[in-house]
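Before any comments, here is the structure.
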Number of protein chains: 2
Amino acid sequence: MTTFGQVAAAIDERRLWDRHEALARVGATERGGVNRQALSDEEIAAKRVLIGWAGALGLEASTDAIGNLFLRLPGYDPALTPVMTGSHIDSQPTGGKYDGVYGVLAGLEAVEAMRAAGYQPRRAIDIVAWTNEEGSRFAPGMMGSEAFAGVRALETILPVADAAGIRVEAELARLDAAFPDMARRPVGFPVAAYVEAHIEQGPELEAAGHQVGVVTGIQGKKTWKVSVRGEEAHAGTTPRRRRRDALAAAAAMIAALHRAIVDADDVVRFTVGRIQVEPNAPSVVPARADFSIDLRHPDGPTLEGFGAAVESICQANAGPCTVTVTPLVDAAPLTFPSAMQDATRQTAERLGLAPMALASAAGHDARNLHMVCPSAMIFVPCAGGISHNEVEATLPGDLAAGARVLAELLVQLADRA
Amino acid sequence: MTTFGQVAAAIDERRLWDRHEALARVGATERGGVNRQALSDEEIAAKRVLIGWAGALGLEASTDAIGNLFLRLPGYDPALTPVMTGSHIDSQPTGGKYDGVYGVLAGLEAVEAMRAAGYQPRRAIDIVAWTNEEGSRFAPGMMGSEAFAGVRALETILPVADAAGIRVEAELARLDAAFPDMARRPVGFPVAAYVEAHIEQGPELEAAGHQVGVVTGIQGKKTWKVSVRGEEAHAGTTPRRRRRDALAAAAAMIAALHRAIVDADDVVRFTVGRIQVEPNAPSVVPARADFSIDLRHPDGPTLEGFGAAVESICQANAGPCTVTVTPLVDAAPLTFPSAMQDATRQTAERLGLAPMALASAAGHDARNLHMVCPSAMIFVPCAGGISHNEVEATLPGDLAAGARVLAELLVQLADRA
């Protein structure tokens, strides 16, 4: 047992900051960012560091068939389901030091503080690092939490290949080989509640001067893969009337989509982030162009309306090429349970912080846990709202403030009968 | 000495065809094409095959500091400058069996026929395989003939790197190591005349039913590299007004260029064949997009007019990004000397072929040799006009017809005092 504030008082701002710096050295890029993509050697090395810290705390490490990593602080009533907290440690190819990592390290710091305060929870607390949240190497992302929550079947995830043709299944085998003695758990087990701490990845908290945000929900997201097929031809000889130029068609589609998917209040988020062209040679008319579409909006009907236009805009701009538009992700907007939002806000207020309520513009693993247990998210500010970028930055005091809210919220959730 | 037609009669259609098949096995692709890019292991292996055939004929192999391969049939008057024929054996990444290769193998077959007919030329005949005509691995192409003709300084070619960062200089050292005993020649030496045989890579000969074309000249060509710079940002959180999306800008540029660079008679050739995006991840707003432009036209002023619009169209579509447009190739249209065209046409007519006069839409090494000696080109048909494609096809009889014209033309040029 503990009184409110004891665990929060044991949060060590310096340790939390130093651990971010230490993990950022695993996969560090020249420009101060991180390249630690899902199931890479760098991610394995980062897991080894995490497991080392957890081992020193006496936490039990375990994994499952999709490579999620669990670090458990046992509860004194083993008949009760655990409370879970965490996020992910994979990054974008040119990612920052905090996206995902903060949620895992804030969970670890909360447990460090519990230990320091002499607190043992009634329910076990699992700190989790979900597999492939980012989706940059293996698309789409959130594979670990989707499999855990039963949103997506494991069998459909294992064959997914990266750009080099390497399959998730093969990389999972490599991960298992790196940790041969780790305990195994089933993919998905009962959880009492889930709380995820994360940097905001947007500008609102910083602009409003709040250290902590209570997330009301997550905007909806739809993604597609667009495949344009034309015909290879010699750039010097083939007349325009005989060309089927896949990149010309793709460029017309992308330009038309950018013109069409706009709104006056600047709420819709439309991105074509990846394009791959074959043979991609300067003097050959391109035969193939594949590109990604990422569309998000917090309002369900508005998201559906924009989404419904995507295929017709692509078809209208295909010219002499053929185009197939394949939906990948279709996640409706969600609202976290009000009881979880209230508990988070009240915890922050009792700690003397002034929490701000805001929606998450980015997707998070909490989207999937929301399907299986009461879930909540805590945001901390992120400089300039810049994320998915090597210059991603936060303040040590803000990270610690979020960890204090997380720690006290976990105490309340873990002590429930 | 020989009488007209004796050497042509010794051309062996089957041997010429079989050698195309044999070379096509070096770098063969699954779909029946060839991937034998400049200075690759595959090109080295193909050179080894060529040198083997040449050695059996008693030809002397030599090279120069840019890796051009020369196979010499000695003349009986060594004081005279040589006559040269050839083309290139590098290919596009998904190229065909005949582009370039035909010019080298037709030259070899002509010399085979000379030997079989008991003919020794007055002037030496050099069969050449020029380095990196295609420019798909190291851009721009025609490095070997440009260096030979003094169009481009060797020092500006050696540092050029491929997409993996490998420099021409390093690959040339590897080439030299593969043929340590080969004789060396200077980069550029006096040549009396140059004749290049090539597949048309366009549809005209086939459509008009001619086996042989006399090339009147080569259309002009301009190429650019366009570099668009924006800023990386999170696709889910960053509002449109704060985005600097390099791919959105590049797509707008490419679409606008395709709309602007058109003509009623369908003579202009405009191609964006390559695009490279960073970080090229589905949920990251792209920070960088580089693309290639290839523009060709047989009329100088028209080419200049279209070319002058390129930069302003890119700038007008840059939106919040910055763009730099860097010229790479600027080759004016050219006309081969009428005496060389006449000699080629008359040789074909005397052999009973009905030659067709036509311009070359594609660039060739003969563009550069034209700067240093009287030059000519012989075209043979190419099925459907399709080239730079794995399905590239020709007929054995057409290849042999072109080789007969080449052989008799070389005899005339080599016997001149």
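What are the residues in segment B:284-298 that are buried (at least 20 other Cβ atoms within 10 Å of the Cβ), more than 7 Å from chain A (Cβ to nearest Cβ) and in a strand (DSSP E or B), if any? Residues satisfying the conditions are B:A289, B:F291, B:I293, B:L295, B:H297. Just so you know, in segment A:237-251 the residues that are surrounded by fewer than 24 Cβ atoms within 10 Å (Cβ to Cβ) and part of a helix (DSSP H, G or I) include one that is farthest from the other protein chains (Cβ to nearest Cβ), and it is A:R242. Residue count for segment A:255-283 satisfying the condition of being at the interface with chain B (Cβ under 7 Å from one of its Cβ atoms) and not hydrophobic (A, V, I, L, M, F, W, C): 10. Contact map, segment B:98-115: residues that are in the same structural domain as B:I127 (by TED's automatic domain parsing) and under 20 Å from B:G385 (Cβ atoms) paired with residues that are crowded, with 24+ Cβ neighbours inside 10 Å and of a type in the set (D, E), Cβ distance under 7 Å, separation 6+ or inter-chain. Pairs shown: B:Y98/B:E392; B:D99/B:E392; B:G100/B:D90; B:G100/B:E133; B:G103/B:E196.
Filtering A:V405, A:V391, A:V380, A:V372 for residues that are of a type in the set (V, I, T), modelled with pLDDT under 95 and in the same structural domain as A:A10 (by TED's automatic domain parsing) leaves a single hit, A:V391. Given the structure, is B:G75 more than 19 Å from the chain's Cα centre (by Cα) and within 14 Å of another protein chain (Cβ to nearest Cβ)? Criteria not met by B:G75. I'd like the full set of residues that are surrounded by fewer than 17 Cβ atoms within 10 Å (Cβ to Cβ), over 15 Å from B:T216 (Cα atoms) and at pLDDT 95 or above, limited to segment B:321-353. Answer for segment B:321-353, where residues must be surrounded by fewer than 17 Cβ atoms within 10 Å (Cβ to Cβ), over 15 Å from B:T216 (Cα atoms) and at pLDDT 95 or above: B:T322, B:T324, B:T326, B:P327, B:E349, B:R350, B:G352.
Looking at A:A117, is it at pLDDT below 95 and either more than 20 Å from the chain's Cα centre (by Cα) or of a type in the set (A, V, I, L, M, F, W, C) (or both)? No; evaluated as a whole, the condition is false for this residue. Evaluate the following for B:T94: is it within 17 Å of the chain's Cα centre (by Cα), in the same structural domain as B:S360 (by TED's automatic domain parsing), modelled with pLDDT under 95 and not aliphatic (A, V, I, L, M)? Yes: the conditions hold for B:T94. Against the list (1) modelled with pLDDT of 95 or more; (2) closer than 30 Å to A:I261 by Cβ; (3) surrounded by 24 or more Cβ atoms within 10 Å (Cβ to Cβ), the condition B:H234 fails is (1). For segment B:100-122, the set of residues classified as surrounded by 23 or more Cβ atoms within 10 Å (Cβ to Cβ) and out of contact with any helix residue (DSSP H, G or I) (no Cβ under 9 Å at 6 or more places or on another chain) consists of B:G100 only.
Between a first residue in segment B:61-75 that is buried (at least 19 other Cβ atoms within 10 Å of the Cβ) and a second residue that is in a loop (DSSP other than H, G, I, E, B) and among the β-branched types (V, I, T), which pairs have beta carbons less than 7 Å apart while being 6 or more apart in sequence or on different chains? As it stands, the answer is B:D64/B:V187; B:I66/B:T131; B:I66/B:V187; B:G67/B:T131; B:N68/B:T131, since those pairs meet every condition given. When segment A:63-113 is filtered for residues that are under 14 Å from A:D415 (Cα atoms) and charged (D, E, K, R), only A:D77 remains.
So is A:V34 assigned by TED's automatic domain parsing to the domain that holds A:E134 and free of Cβ contacts under 8 Å to residues at least 60 places away in the same chain or not? So A:V34 does not fit the description; no.
Just one of the listed residues (A:R14, A:R19, A:R36, A:R31) is modelled with pLDDT of 95 or more and either exposed (fewer than 15 other Cβ atoms within 10 Å of the Cβ) or among the polar types (S, T, N, Q) (or both), namely A:R14.
Yes or no: segment B:299-316 includes at least one residue that is more than 30 Å from A:E392 (Cβ to Cβ) and within 9 Å of another protein chain (Cβ to nearest Cβ). Taking every residue of segment B:299-316 in turn, none turns out to be more than 30 Å from A:E392 (Cβ to Cβ) and within 9 Å of another protein chain (Cβ to nearest Cβ). Residues of segment A:254-278 that are charged (D, E, K, R) and assigned to a loop (DSSP other than H, G, I, E, B): A:D263, A:D265, A:D266, A:R274. If only one of A:T216, A:T238 is under 30 Å from A:R350 (Cβ atoms), touching a helix residue (DSSP H, G or I) at 6+ places or on another chain (Cβ under 9 Å), among the polar types (S, T, N, Q) and in contact (Cβ under 8 Å) with a residue 40 or more places away in the chain, which one is it? Being under 30 Å from A:R350 (Cβ atoms), touching a helix residue (DSSP H, G or I) at 6+ places or on another chain (Cβ under 9 Å), among the polar types (S, T, N, Q) and in contact (Cβ under 8 Å) with a residue 40 or more places away in the chain holds for just one of A:T216, A:T238, which is A:T216.
Any idea which residue in segment B:187-208 is nearest to the other protein chains (Cβ to nearest Cβ), counting only those that are among the small types (G, A, S) and more than 19 Å from A:R242 (Cβ to Cβ)? Ranking the candidates gives B:A197 first. Of the strands (runs of 3 or more DSSP E) entirely within segment B:132-230, none holds at least 2 residues that are of a type in the set (S, T, Y) and either closer than 25 Å to B:T81 by Cβ or touching a Gly at 6+ places or on another chain (Cβ under 9 Å) (or both).
As a summary of the residue check, A:G213 satisfies the conditions (1) within 19 Å of the chain's Cα centre (by Cα); (2) in the same structural domain as A:T324 (by TED's automatic domain parsing); (3) more than 20 Å from B:S283 (Cβ to Cβ) except for the one numbered (2).
Provide a single number: the residues in segment A:63-84 that are under 17 Å from A:K47 (Cβ atoms) and not small (G, A, S). Summing the residues that are under 17 Å from A:K47 (Cβ atoms) and not small (G, A, S) in segment A:63-84 gives 8.
Of the residues making up segment A:33-49, not one is over 23 Å from A:I157 (Cβ atoms) and of a type in the set (S, T, Y).
Across segment B:359-396, the qualifying residues are those that are surrounded by fewer than 19 Cβ atoms within 10 Å (Cβ to Cβ) and within 28 Å of B:R15 (Cα to Cα), and the one among them that is farthest from the other protein chains (Cβ to nearest Cβ) is B:P396.
The values are calculated or read from the model by the stated rules, or taken from the named source; none is laboratory data. Keep in mind the model is a prediction, meaning the values are calculated, not measured. Don't worry about glycine lacking a Cβ; one is built from the backbone with ideal geometry, like all the others, and counts go over all protein chains shown.
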